[in-house]
Structure formats: structure tokens, C-alpha cells
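Peer 1: Would you mind keeping the following structure in view while I ask a few things?
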Amino acid sequence: MNEDEERAEERARILAKTAAFAPPPAIAADGRRDLVGLSREELAAEMAAIGEQPFRAGQLWHWIYHRGATGFAAMSSIARPLRARLAERYVIGRPEVVVAQESADQTRKFLFRFRDGQEAETVYIPDREEDRGAVCLSSQIGCTLSCRFCHTGTQPLVRNLGAAEIVGQFMAARDAYGEWPSPTGEAPRLLSTIVLMGMGEPLYNYENVAQAMRIVMDGEGIALSRRRITLSTSGLVPMMDRAGAELGVNLAVSLHAVRDDLRDELVPLNRRHPIAELLAACRRYPGASNARRITFEYVMLKGVNDAEADARELVRLIAGIPAKVNLIPFNPWPGSGFETSGAGAVRRFAAIVQAAGFSAPVRAPRGRDILAACGQLRTESRRARRPAA
Ligand code: SAH
Ligand code: SF4
């Protein structure tokens, strides 16, 4: 088998495993189906099934994803009797907001509850200088990977989030900020970027994440450009190839160590896809260029991975990749056992990376006071008991 075939086989294995963690169907308690999360084709099929013309799907798409409608009553371009018929059969769902907390630095964390009672967190991070910001979406409840420094990693994977639940986090955040285009054409500005950096490994839930991203990128709806979406992965190589080819969103890679022995410990997925293999996948990632660089995330852990020798090895490893390095001061959580690197170590590390020609911003911790910073998200959701196989 050549490498491509091996990767295709592993992709099939990964996707088969995903089935065991599938989200429940997007149906409300009263039996009405949720229209959020359907692709355009699925929405058209749904309309055909109730004897409506395909153009109805286009109208609904506009109301749901461009105008942010949460019910049918406001859909003035659709005749009243049809609105009533739609409302009998369908809902336009949103996750329930259980808690919304705002940090001293205006970062806002939402705890959302989904129909089966499971919960996940979403964070809105306003840009410091400009009047906009990023929504950090969760892709799973818990995570199968157990990166040592990550709070989410201490929570076993409960289940994947469905496409409706992933787009729903963004839509509910827009609701909270009143950020839908008004009929006079005023466009949203605050919620202008998506980062898939919340709870979970997005590439272990590829199909649902991809469907959700296709919905937000659709030009007649939310219409975010793929340049405004960044997917962060701990390095699931076979799925990186597929995400690059099919979605073309920006890629962030959680590197965190420059030697396999250390990365095996910090990011256990490294035992399956070691550093050389991961960097080869970055080198062939479609669309990476100087204008669209790959971000390498590097959590600075005191005395673990923050030596000057590590920085020199890092620039040797990523030489030739259009890249930038995001240095993330470790965000502590109870019982983690790690400490944040000192300011001097971070400065020396950044200087070496910058001297090699890479931009190396130090990510300012945001929302630490409400446990909303990178790697601090964790809910008390428990794994639902599964029927024995
Ligand atoms: N599972 C994906 C995306 C979610 S984590 C991934 O691992 O890339 C988003 C980023 O936060 C990753 O780079 C992750 O390594 C980092 N992170 C995790 N725990 C952290 C912590 N305690 N402090 C700082 N960053 C952390
Ligand atoms: Fe999962 Fe990412 Fe946390 Fe690792 S860092 S445990 S992959 S969420």
C-alpha cells in the first residue's frame, strides 16, 4: 500500500469509529424537525417531501441564515398558510443558553445545553483594537485525546456535536449580540471570525464540522469567507488532507513540542502521527501561502518545552513552511501540574523564532477569570450509558 492508500484506509477507520459517538437526530421533543444544520440539498428535499417547490428552500435559507429568524411568523415573503404549515412540522432551533458569563476583559463564555441535556461551551473573544472578534466553537463534548495540559482532555468523549449544534453555537452567539443584518442592510461586524478551538478535536468529528462550515460559508446565508475560519487540530494527519481539499479553511496545528519523546507525552496522538509526518501534512496543505500561513500553536510550559534549544529546533523543523507561531502562555486549571513559563523565557523563545523570519505573537490570555481561556473549557456532562455492543 502506498502512503495515500494508507491514509485513505485510516480515514475510513476514523469515520467508522465516529459513528459510535453520533449526535441524536435534530428533532424537537414534540417531534418537529429542526431545519438548522440541513444542507441546501437536504432542505430542498424536505420541501419536496411536503409538496413544495425547490425555491422555498432558498427562501428559508435566507430567513434562517441571513436574517437569523428563529420562527416562521416573521417570514414575510412566505404566504401565511404555508408559514403555518411549516410551523406545524419544523422548528428553527437554537441551543439553550444555560450560563452567559462576561470576563473583566469582555470575553464572554456561553454554556449551551442541547436537546439531550448535554452541554458545551462557546467563547466570544473581542478583538482588542478593533470593533470585531472571534467566536470559538466546540466540536465535541469532551475529547478522546488526553493532552496533558488541557482541561477538556480530562473529560472523556461523551459524543460528537451535530452540524445543527455547531452552527447553532454561532447563531445563538449572534442572537446574544443582536448581530444579524437588519432589513436596512446593516451588516454584522462583531462576530466576524470563527475559530474551531473550543472543546474537542474537530477532525475526529469531520462530517459534522464540515457540514457546519459549509453552511456558514454559503454566500446567501451567514457568508463567512473560508479565510475567516480557522480549524485547530492536534494533528490527525489523514483528516487534515481531507479538510484542506474540501473546505480550504485556515489551519492551526497544536505542536507544543519539537521532539517526539516529549510530544508523545504532551499530545499522545503523536505516537500515531509523529512530528515528521505531521509537518509533511502541513507542507502539502492546500492553499497555504505567505498570505495564508499555517499557525503553529505552542503552549509555553515552564521548564518543559520553553528552552532556547527548543526554539532553535522549532525553526529548523518548520523551515520552508509558510507559517507563523502562536505562543500561548499555559492557562492553569486546578490539578494540572504545569506552570506558565516566565516572561523572560517567553521573550527569549519568541526572539529566536522571530529572528528566523517567522511572526511569533504571544497570545494574550483572555477570559482567564471565568475559565474561558484556551484549554480551560470543561463541562460536567457525563458520558451517557450506552447499550452493550
Ligand atoms: N483539539 C484541538 C482544538 C481545541 S484546543 C487542538 O488540540 O488543536 C485549542 C488550543 O488550545 C490547542 O492549541 C490546545 O493545545 C490549546 N490548549 C489546551 N490546553 C491549554 C491550556 N491549558 N493553556 C493554553 N492552551 C491550551
Ligand atoms: Fe483534545 Fe485539543 Fe484538548 Fe488535546 S488540546 S485534549 S486534542 S481539545
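Peer 1: What residue, among those in region 219-244 that are of a type in the set (G, A, S) and more than 15 Å from ligand 1 (Cβ to nearest atom), is nearest to V325 (Cα to Cα)? Step through it out loud before you land on a result.
Peer 2: Of region 219-244, the ones of a type in the set (G, A, S) are 219, 221, 223, 225, 232, 234-235, 243-244.
Narrowing the set further to residues that are more than 15 Å from ligand 1 (Cβ to nearest atom) leaves 219, 221, 223, 225, 244.
Working: G219: 31, G221: 33, A223: 28, S225: 23, G244: 20 Å.
Residue satisfying both the conditions and the ranking: G244.
Peer 1: Same structure, new question: Of A311, A356, A323, A319, which residue is in the same structural domain as F110 (by TED's automatic domain parsing), aliphatic (A, V, I, L, M) and within 16 Å of ligand 1 (Cβ to nearest atom)? Write out each step before concluding.
Peer 2: Numbers: A311 fails: within 16 Å of ligand 1 (Cβ to nearest atom); A356 fails: within 16 Å of ligand 1 (Cβ to nearest atom); A319 fails: within 16 Å of ligand 1 (Cβ to nearest atom).
The unique qualifying residue is A323.
Peer 1: Okay, next question. Among the listed residues E88, E96, E52, E102, identify the single one that is farther than 23 Å from A212 by Cβ and under 21 Å from the mean Cα position of the chain (by Cα).
Peer 2: Numbers: E88 fails: under 21 Å from the mean Cα position of the chain (by Cα); E96 fails: farther than 23 Å from A212 by Cβ; E52 fails: under 21 Å from the mean Cα position of the chain (by Cα).
Exactly one of E88, E96, E52, E102 is farther than 23 Å from A212 by Cβ and under 21 Å from the mean Cα position of the chain (by Cα), namely E102.
Peer 1: So, of the residues in region 276-303 that are among the aliphatic types (A, V, I, L, M) and surrounded by 19 or more Cβ atoms within 10 Å (Cβ to Cβ), which turns out to be farthest from L231 (Cα to Cα)?
Peer 2: L301
Peer 1: Kindly indicate whether any position in region 171-185 is within 16 Å of ligand 2 (Cβ to nearest atom) and either surrounded by 21 or more Cβ atoms within 10 Å (Cβ to Cβ) or not assigned by TED's automatic domain parsing to the domain that holds G68 (or both).
Peer 2: Taking every residue of region 171-185 in turn, none turns out to be within 16 Å of ligand 2 (Cβ to nearest atom) and either surrounded by 21 or more Cβ atoms within 10 Å (Cβ to Cβ) or not assigned by TED's automatic domain parsing to the domain that holds G68 (or both).
Peer 1: Applying the selection to region 304-359, what residues are open to solvent by 50 Å² or more (accessible area, probe 1.4 Å), under 25 Å from the mean Cα position of the chain (by Cα) and within 17 Å of L278 (Cβ to Cβ)?
Peer 2: Result: K324, single match.
Peer 1: Return the pairs, sorted by first residue and then second, in which the second residue is assigned to a strand (DSSP E or B), the first residue lies in region 29-48 and is closer than 14 Å to P95 by Cα, the beta carbons are less than 7 Å apart, and the residues are 6+ apart or on different chains.
Peer 2: As it stands, the answer is D34/I27; D34/V91; L35/Y90, since those pairs meet every condition given.
Peer 1: Could you check region 244-259 and list, in sequence order, the residues that are within 16 Å of ligand 2 (Cβ to nearest atom) and surrounded by fewer than 22 Cβ atoms within 10 Å (Cβ to Cβ)?
Peer 2: So the first thing to find is which residues in region 244-259 are within 16 Å of ligand 2 (Cβ to nearest atom), and the list is 251-257.
Of everything in region 244-259, just one residue is within 16 Å of ligand 2 (Cβ to nearest atom) and surrounded by fewer than 22 Cβ atoms within 10 Å (Cβ to Cβ), namely A252.
Peer 1: Are any residues in region 275-292 within 16 Å of ligand 1 (Cβ to nearest atom) and over 16 Å from A243 (Cβ atoms), and if so, which ones?
Peer 2: To start, the set of residues in region 275-292 that are within 16 Å of ligand 1 (Cβ to nearest atom) comprises 275, 278-279, 281-282, 285.
Result: I275, L279.
Peer 1: Right, V216: within 16 Å of ligand 1 (Cβ to nearest atom) and not charged (D, E, K, R) or not?
Peer 2: no
Peer 1: Kindly provide the set of residues from region 54-73 that are assigned to a loop (DSSP other than H, G, I, E, B) and touching a residue at least 24 places away in the same chain (Cβ under 8 Å), ordered by number. Break it down into steps so the answer makes sense when it comes.
Peer 2: Our first condition is that a residue be assigned to a loop (DSSP other than H, G, I, E, B); within region 54-73, this holds for 54, 67-73.
Once the filter is applied, which keeps residues that are assigned to a loop (DSSP other than H, G, I, E, B) and touching a residue at least 24 places away in the same chain (Cβ under 8 Å), region 54-73 yields R67, G68, T70.
Peer 1: Also: If we scan region 145-161, do we find a residue that is open to solvent by 30 Å² or more (accessible area, probe 1.4 Å), hydroxyl-bearing (S, T, Y), outside any strand (DSSP E or B) and within 16 Å of ligand 2 (Cβ to nearest atom)?
Peer 2: yes
Peer 1: Moving to a separate point now. Can you tell me how many residues within region 221-243 are open to solvent by less than 10 Å² (accessible area, probe 1.4 Å), away from ligand 2 (no atom under 16 Å from the Cβ) and within 14 Å of T295 (Cβ to Cβ)?
Peer 2: Count: 1.
Peer 1: Given the conditions (1) modelled with pLDDT of 95 or more; (2) loosely packed, with under 14 Cβ neighbours inside 10 Å, which single one is not true for E46?
Peer 2: It fails just one condition, (2).
Peer 1: Quick one: is R271 assigned by TED's automatic domain parsing to the domain that holds F330 and either within 16 Å of ligand 2 (Cβ to nearest atom) or modelled with pLDDT of 95 or more (or both)? Let's see the steps before the verdict.
Peer 2: Numbers: assigned by TED's automatic domain parsing to the domain that holds F330: yes; either within 16 Å of ligand 2 (Cβ to nearest atom) or modelled with pLDDT of 95 or more (or both): yes.
So R271 fits the description; yes.
Peer 1: Please specify each residue of region 186-207 satisfying the condition of being within 16 Å of ligand 2 (Cβ to nearest atom) and either open to solvent by less than 10 Å² (accessible area, probe 1.4 Å) or closer than 18 Å to M240 by Cβ (or both).
Peer 2: Going through region 186-207, the residues within 16 Å of ligand 2 (Cβ to nearest atom) turn out to be 195-206.
The answer is V195, L196, M197, M199, G200, E201, P202, L203, Y204, N205, Y206.
For every residue, the table says whether it meets (1) in a strand (DSSP E or B); (2) more than 27 Å from R227 (Cβ to Cβ); (3) touching a residue at least 24 places away in the same chain (Cβ under 8 Å); (4) within 15 Å of ligand 1 (Cβ to nearest atom).
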| site | (1), (2), (3), (4) |
| --- | --- |
| R128 | no, no, yes, no |
| V135 | yes, no, yes, yes |
| A164 | no, no, yes, no |
| A176 | no, no, yes, no |
| W180 | no, no, yes, no |
| E186 | no, no, no, no |
| I194 | yes, no, yes, yes |
| G200 | no, no, yes, yes |
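Peer 1: Right, next: Identify all residues within region 365-381 that are open to solvent by less than 40 Å² (accessible area, probe 1.4 Å) and within 24 Å of A104 (Cα to Cα); write none if there are none.
Peer 2: Here is the first cut: in region 365-381, the residues open to solvent by less than 40 Å² (accessible area, probe 1.4 Å) are 366-367, 370, 372-373, 375-377, 379, 381.
Within region 365-381, R366, G367, I370, A372, A373, G375, Q376, L377, T379 qualify.
The values are calculated or read from the model by the stated rules, or taken from the named source; none is laboratory data. These figures come from a predicted structure and were not determined experimentally. So basically every Cβ, Gly included, is an ideal-geometry build from the backbone, and we count neighbours across all protein chains shown. Side chains included, ligands, DNA and RNA excluded: accessible areas come from the protein's heavy atoms. Shrake-Rupley method; radii C 1.70, N 1.55, O 1.52, S 1.80 Å.
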